[in-house]
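Take a look at the structure set out below.
The values are calculated or read from the model by the stated rules, or taken from the named source; none is laboratory data. Nothing here was measured: the structure is a model prediction, and the numbers come from that model. Note that we place each Cβ from the backbone using ideal geometry, even for glycine, and neighbour counts take in every protein chain shown. Calculation scope for accessible area: heavy atoms of the full protein, side chains included, ligands and nucleic acids excluded. Shrake-Rupley method; radii C 1.70, N 1.55, O 1.52, S 1.80 Å.
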There are 2 protein chains.
Amino acid sequence: MMVSIKDVAEHAGTSFKTVSRVINNDAGVREETRERVQAAIDALGYRPNSAARMMRNQKSGVIGFISDEVVTQPYAGELLLGAQEVASEHDKVLMVVNIEHDRKRQQRAIDMLLERRVEALVYASYYHREIELPQEMLQVPSVLVNCFTTEAVLPTFVPDEVQAGYDATRLLIEQGHTRIGMITLNPQIVAAQKRLEGYRRALDEAGIAFDAELIVRGEPRFDEPAESACVESAVGSLMALDKRPTALVCGKDEFAMQVYFLLARFGLQVGRDLAVTSFDNQRLIAPGLTPGLTTMELPHLEMGRAALRCLFNRMDDRSTRLIPFSPIVRESHRLKA
Amino acid sequence: MMVSIKDVAEHAGTSFKTVSRVINNDAGVREETRERVQAAIDALGYRPNSAARMMRNQKSGVIGFISDEVVTQPYAGELLLGAQEVASEHDKVLMVVNIEHDRKRQQRAIDMLLERRVEALVYASYYHREIELPQEMLQVPSVLVNCFTTEAVLPTFVPDEVQAGYDATRLLIEQGHTRIGMITLNPQIVAAQKRLEGYRRALDEAGIAFDAELIVRGEPRFDEPAESACVESAVGSLMALDKRPTALVCGKDEFAMQVYFLLARFGLQVGRDLAVTSFDNQRLIAPGLTPGLTTMELPHLEMGRAALRCLFNRMDDRSTRLIPFSPIVRESHRLKA
DNA sequence: CTGAAAGCGCTTACAG
DNA sequence: CTGAAAGCGCTTACAG
């Protein structure tokens, strides 16, 4: 049995209402009384029961954070961190549930959150993709992070893939390259499509003709068998071209890492013979490569923050906000003699 | 105003007590009545208020998960996942709070959890280390994961570093190597010390003399300036030895990645001239290297699970459980002609 | 400045 | 099989 407001009152020799006043810092308690109550609180180790408060106040102080694997994805957890930061500024806590693709467990998780009377809901995906919206999300203020629905019904925060593709390409164009290859992600995912769009835009703008031969795939489609040699053959086909590229945009840092290795087979080196940019800024990889990898960092932290701010500002429009990547400029985009 | 049990009762034409029986699946409700109530529940979209239940039942159904950055560390988030899995089997949910090194915010977080009447507490660190125990943890059943206190006061789950060091070394000894180097982590952290201990044990057992020259440091101590060239000079000093090592245990996969590159400077290749094992099994790195990196996977998922199981089994002894790493055997530990 | 009453939405224990 | 009462630990609104 936990100690309650009544126990404190008895110990302090006041009514329990006075204790309530003290713990809520209400005005109108004599200093001497306040001290006496505080002493009783300390002596008994009293802590207000938030369930009781919640019931009277009709609000829970919790925001539900629904994620598909966000926490286990390297650095995607920063989404959570950014959200947590803003939530706690507003004295709210996050209740995080991980939903797998199991429909039943997803339903259970959402029911649980709603029964706990979450004041708002965040749906965060570990990679930028379209989702099927759990309809219950419309019952409370909600936002989408790193994911979206076909029809925009909620405020949506996604990374600005097109701009990132543009920037990653532009960095190479500015170094004078005109023959720029690209190793793309699975073409079925949004990031692959939009970054390619940015790449083309940068080329267009610079008056460089698009050459489809320079676009190769670094990973299989969902419907293809996973094969580990995908980047290998991608690089192979670029190197087999009559006119090899002098620069390369990699779909993710893991591709870039492999490119560093694979180039050696052709007697080439990143940073000497081939300029490289990439996406993600995986801290495990990008700074440890030589030369350091120039790469576009996904704005996880900022998306998490922006989404929660939106929730608190009650901007419940249905617009999609594009959050910019941060270019992390190291050396790989620049060739040294 | 949310719909309550009374609204449902009115809609169904019963007392609210009967509604309570239906939502709790209590025996002794006529089928016809149950259906009528269920229809009212569906029609009104009623959801039981967990705060009210909590108050009557005197338990919250939540377990507090205190972490220092667990979610943002690649794959350490699996700690959380394992914990979540077991918790939900027992119909409990996790409330995750991230505590930074700010004393005040830590206190706030713990207070919040206790006010929410968490039934138990988990403290999880993102790397294996000693912590200062928040004294409040002794007020509820608690466990430590991936961290420990000087004096054992709580059940503690940590990775079996010595065994991992032993296994990583043993894999190389079994390939016939007798000159085995080691690139260690910061010697001030537990993992570095214990893995070295395992390394020495494996050598001893095989009758190989320990040679201090073969032990080099891949990262700076806490009190030294961070320098990026640490692995580089470590490899350099090994290669400068009269009798170079033929095999190498790397303190983490990031070191291994750099070793693959650095060796090229000496005209050497991992898997041909040098056998390599490592620790972590970072999925971003280990499978993408050529040859694939043989590495000891940290048992994050299993630690999370084991800790929660312990909580539910009320095994509140103070013993320390060592959770084994999983050897992920690829090709790098084996030399090919 | 302090207190007694009512009620938040449920469940437990007891009647009928 | 169904219901009326009491109470979980607080806060709100009103008296004194």
Boolean, B:GLY236 is outside the structural domain of B:LEU154 (by TED's automatic domain parsing), small (Gly, Ala, Ser) and farther than 26 Å from A:ARG283 by Cβ:
no
Taking the stretch A:23-66 and keeping residues within 19 Å of B:ILE110 (Cβ to Cβ) and in contact with a His (Cβ under 8 Å, 6 or more places away or on another chain) leaves A:LEU44
Criterion: open to solvent by less than 50 Å² (accessible area, probe 1.4 Å), within 14 Å of another protein chain (Cβ to nearest Cβ) and more than 11 Å from DNA strand D (Cβ to nearest atom) - qualifying residue of B:ILE5, B:ILE23:
B:ILE23
Out of the stretch B:79-92, which residues are surrounded by fewer than 21 Cβ atoms within 10 Å (Cβ to Cβ) and under 25 Å from A:LEU301 (Cβ atoms)?
B:LEU81
Hey, any hits in the stretch A:223-234 for a residue that's hydroxyl-bearing (Ser, Thr, Tyr) and assigned to a helix (DSSP H, G or I)?
yes
Answer with yes or no whether A:SER332 is among the polar types (S, T, N, Q) and either surrounded by fewer than 18 Cβ atoms within 10 Å (Cβ to Cβ) or in a loop (DSSP other than H, G, I, E, B) (or both).
yes
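Given the options B:VAL122, B:VAL96, name the one that is open to solvent by less than 20 Å² (accessible area, probe 1.4 Å) and either facing chain A (nearest Cβ under 7 Å) or assigned to a helix (DSSP H, G or I) (or both).
Answer to the check: B:VAL96.
Could you grab me the full set of residues in the stretch A:171-191 that are over 17 Å from A:PRO245 (Cα atoms) and surrounded by 21 or more Cβ atoms within 10 Å (Cβ to Cβ)?
Passing the criteria: A:LEU185, A:ALA191.
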Restricted to the stretch A:32-82 and to residues being of a type outside the set (Gly, Ala, Ser), over 39 Å from the mean Cα position of the chain (by Cα) and within 16 Å of DNA strand D (Cβ to nearest atom), the residue farthest from the other protein chains (Cβ to nearest Cβ) is A:GLU32
Considering every residue within the stretch A:155-170, establish whether at least one is assigned to a loop (DSSP other than H, G, I, E, B), open to solvent by less than 50 Å² (accessible area, probe 1.4 Å), out of contact with any Ser or Thr (no Cβ under 6 Å at 6 or more places or on another chain) and in contact (Cβ under 8 Å) with a residue 40 or more places away in the chain.
yes
Long-range neighbours under 6 Å by Cβ, at least six apart or interchain, first residue under 15 Å from B:ARG36 (Cβ atoms) within the stretch B:2-25, second open to solvent by 90 Å² or more (accessible area, probe 1.4 Å) and within 7 Å of DNA strand C (Cβ to nearest atom)
B:ILE5/B:PHE16; B:ALA9/B:PHE16; B:PHE16/B:LYS6
Members of the stretch A:301-325 found to be in a strand (DSSP E or B) and more than 14 Å from the chain's Cα centre (by Cα), listed by number
A:THR320
Counting just the residues of the stretch B:99-119 that are more than 8 Å from chain A (Cβ to nearest Cβ) and touching a residue at least 40 places away in the same chain (Cβ under 8 Å), which one comes out surrounded by the most Cβ atoms within 10 Å (Cβ to Cβ)?
B:VAL118
If B:HIS128 satisfies every condition in (1) within 30 Å of the chain's Cα centre (by Cα); (2) open to solvent by less than 10 Å² (accessible area, probe 1.4 Å) but one, which is the exception?
(2)
Selection from the stretch B:37-70 of residues more than 15 Å from DNA strand C (Cβ to nearest atom) and in contact with a Ser or Thr (Cβ under 7 Å, 6 or more places away or on another chain) yields B:ASP68
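Name the residue that is surrounded by the most Cβ atoms within 10 Å (Cβ to Cβ), counting only residues in the stretch B:281-322 that are of a type in the set (D, E, K, R) and modelled with pLDDT of 95 or more. Step through it out loud before you land on a result.
From the stretch B:281-322, those of a type in the set (D, E, K, R) are B:283, B:297, B:302, B:305, B:309, B:314, B:316-318, B:321; that's our starting set.
Narrowing further to those that are modelled with pLDDT of 95 or more: B:297, B:302, B:305, B:309, B:321.
Values: B:GLU297: 21, B:GLU302: 19, B:ARG305: 23, B:ARG309: 17, B:ARG321: 16.
Result: B:ARG305.
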